[in-house]
1. If a residue must be among the basic types (K, R) and within 13 Å of ligand 2 (Cβ to nearest atom), how many such residues does the stretch 87-124 contain?
2. Just to check your reading of the model, which residue among D258, D302 is of a type in the set (D, E) and not assigned by TED's automatic domain parsing to the domain that holds V97?
3. What residue, among those in the stretch 85-106 that are within 26 Å of S264 (Cα to Cα) and not in a helix (DSSP H, G or I), is least open to solvent (accessible area, probe 1.4 Å)?
4. Going through G272, G281, G246 one at a time, which residue ends up being at positive phi, away from ligand 2 (no atom under 16 Å from the Cβ) and open to solvent by 20 Å² or more (accessible area, probe 1.4 Å)?
5. Can you name the residue in the stretch 177-230 that is surrounded by 23 or more Cβ atoms within 10 Å (Cβ to Cβ) and of a type in the set (D, E) and is also modelled with the highest pLDDT among such residues?
6. Taking the stretch 284-303 on its own, how many of its residues are within 16 Å of ligand 2 (Cβ to nearest atom) and in contact with an Asp or Glu (Cβ under 9 Å, 6 or more places away or on another chain)?
7. For the stretch 1-28, how many residues are open to solvent by 20 Å² or more (accessible area, probe 1.4 Å) and either in a helix (DSSP H, G or I) or among the polar types (S, T, N, Q) (or both)?
8. Would you point out which residue out of S70, S43, S80 is out of contact with any His (no Cβ under 7 Å at 6 or more places or on another chain), outside the structural domain of T202 (by TED's automatic domain parsing) and touching a residue at least 60 places away in the same chain (Cβ under 8 Å)?
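The values are calculated or read from the model by the stated rules, or taken from the named source; none is laboratory data. Here the structure is a predicted model, which means the values were calculated and not measured. Counting neighbours? That spans all protein chains shown, and the Cβs are built from the backbone with ideal geometry, glycine included. Just so you know, the surface numbers come from the protein's heavy atoms only, side chains and all, with ligands and any DNA or RNA stripped out. Shrake-Rupley method; radii C 1.70, N 1.55, O 1.52, S 1.80 Å.
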Amino acid sequence: MFDKLRQGLKGIVEKISKTGLSEKDLEPLVWDLQMQLIGSDVSVQVAEKVCEELRTRLVGMEASRFGDKSGVVKKALKESIEAVMQTGKGVDLVKAVGEAKRQGRPYIVLFVGINGTGKTTSIAKVTQLLQKNGFSVVLASGDTYRAGAIEQLEEHARRLDVKVIRHQYGSDAAAVGFDAVQHAKAKGVDAVLIDTAGRMQTNRNLMDELTKIKRVVQPDLTIMILDSLIGNDATEQALTFNKAVGFDAAILTKVDADAKGGSSLSVSYLTGKPVIYVGVGQGYDDLQPFDAGWFAEKLLGDS
Ligand SMILES: Nc1nc2c(ncn2[C@@H]2O[C@H](COP(=O)(O)OP(=O)(O)OP(=O)(O)O)[C@@H](O)[C@H]2O)c(=O)[nH]1
Ligand SMILES: [Mg+2]
């Protein structure tokens, strides 16, 4: 995970540790860092921001006072990355479901994103996570568009032993979501997870459909699913979806196959929405809670 970025940062830390910490000494190395970040799918604007944070932390620092210079540099870089990623409050999904349950109502989550990013798989993973925390779940088959989508969700539901609310293909996705919420209210189910059809952010009709689903089901949380393998495009998609539909948090998938990993930095900084989980495989357990501290530690920690 994040191997390319981790190796790159390691090299930079070593180099900086061998120079002085004056602005002049640092400049070429900070430039190296910027290139390294951009090469790992961090967007230019975000790479610049990280470098600026690092420069501010390092310039003029009396490094000779410290025995372990590389430790100091590492810490500064870690803090810089965390500072850039710190985007408002994170979302504790499990806690939020518990809170809604105490209020006697189901917690509703809508999953959105473009085709093939891992929406349906992430729903299955989140289902298992909620079940492990003692909550009941109902799924809504809101992808009434792609052939096989309903059966795919039903197969996950069968394995996880949860109910799916489904209508016919071609029917109104908002109505499916609405029925699932009604079902949850009637049966006292704790969480409703709503699948939707993948859609390009440029497809106006499908984007309007999402707005309608949102208006009808009033989700507590809208999660944007982003495929980390597409790099900077993930950030573009996130920005467009956020503007057109609005989302509250993101899950970045296929991080197990993404050596670069830079999009996790860009997405949170540029959209201002936290990445709350990363998908790290195809199994139901392959969902890793994500936050800035964990990410920075993963990149710059000793393990
Ligand atoms: N390696 C890996 N594969 C993943 C991950 N998440 C999803 N996948 C795979 O990505 C493919 C697409 O996943 P889906 O869940 O069907 O994606 P989707 O967004 O629902 O796709 P559409 O419904 O067609 O829009 C599947 O083969 C999944 O197994 C992940 O975190 N890691
Ligand atoms: Mg799907």
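1. Total satisfying the criteria: 1.
2. Sole residue among the options that is of a type in the set (D, E) and not assigned by TED's automatic domain parsing to the domain that holds V97: D302.
3. Only one residue tops the list, namely T87.
4. Details: G281 fails: open to solvent by 20 Å² or more (accessible area, probe 1.4 Å); G246 fails: open to solvent by 20 Å² or more (accessible area, probe 1.4 Å).
Residue meeting the stated conditions: G272.
5. This residue is D195.
6. Counting residues in the stretch 284-303 that are within 16 Å of ligand 2 (Cβ to nearest atom) and in contact with an Asp or Glu (Cβ under 9 Å, 6 or more places away or on another chain) gives 0.
7. Residues that pass the stated criteria total 16.
8. On the way: S70 fails: touching a residue at least 60 places away in the same chain (Cβ under 8 Å); S80 fails: touching a residue at least 60 places away in the same chain (Cβ under 8 Å).
Going through S70, S43, S80 in turn, just one is out of contact with any His (no Cβ under 7 Å at 6 or more places or on another chain), outside the structural domain of T202 (by TED's automatic domain parsing) and touching a residue at least 60 places away in the same chain (Cβ under 8 Å): S43.
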